[in-house]
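Below: one structure, written as structure tokens.
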Amino acid sequence: MTTVPQRLVVDRGACAGHGLCYGSAPDLIDSDELGDPVIQVDPIPPSQLETARKATAVCPERALSLTNAESPDSEEPPR
Ligand code: SF4
């Protein structure tokens, strides 16, 4: 079975900077000086997909998602 590469994407308009995502997946997500999440690994290695899924699940704003890294729609919009 071929696995489609996945990418973590933050909806900057929805993100409230709680920090739960980078607390949940510190190897995948860091924070900037404002406390906003910064994705560190792209695409997500298959071995870390479950951690990435858990990070999306803890976001109370539903601002973090996993998308197909090969889709042109998966690019994070500029800040
Ligand atoms: S948990 Fe969600 S709202 Fe909080 S910093 Fe992460 S993406 Fe933003």
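Assorted remarks:
- Taking all Cα pairs closer than 8 Å and separated by 6 or more residues, the relative contact order of the chain comes to 43 percent.
- Accessible area of ASP30 in the full protein assembly, 1.4 Å probe (Å², nearest 10): 80 Å²
- Heavy-atom surface of the chain, accessible at 1.4 Å and reported per residue (Å²): 63 Å²
- Residues considered: SER47, SER65, SER24. Largest GNM mean-square fluctuation over the chain, using C-alpha springs under 10 Å, is found at SER47.
- When the GluC sites (Glu not before Pro) in segment 1-62 are filtered for DSSP coil states and for at most 16 other beta-carbon atoms within 10 Å of their beta-carbon, the remaining sites are GLU33, GLU61.
- With R₀ set to 25 Å, the beta-carbon distance separating ASN68 from VAL41 gives a calculated FRET efficiency near 0.95.
- Percent carbon-and-sulfur accessible area, the chain, ignoring ligands, DNA and RNA, probe 1.4 Å: 50 percent
The values are calculated or read from the model by the stated rules, or taken from the named source; none is laboratory data. Just so it is clear, the model here is predicted, and its values are computed rather than measured. Here the Cβ is made from the backbone with ideal geometry for all residues, glycine too, and neighbour counts use every protein chain on show. Ligands, DNA and RNA are stripped out before the accessible areas are found, and what is left, the full protein with its side chains, is counted by its heavy atoms. Shrake-Rupley method; radii C 1.70, N 1.55, O 1.52, S 1.80 Å.
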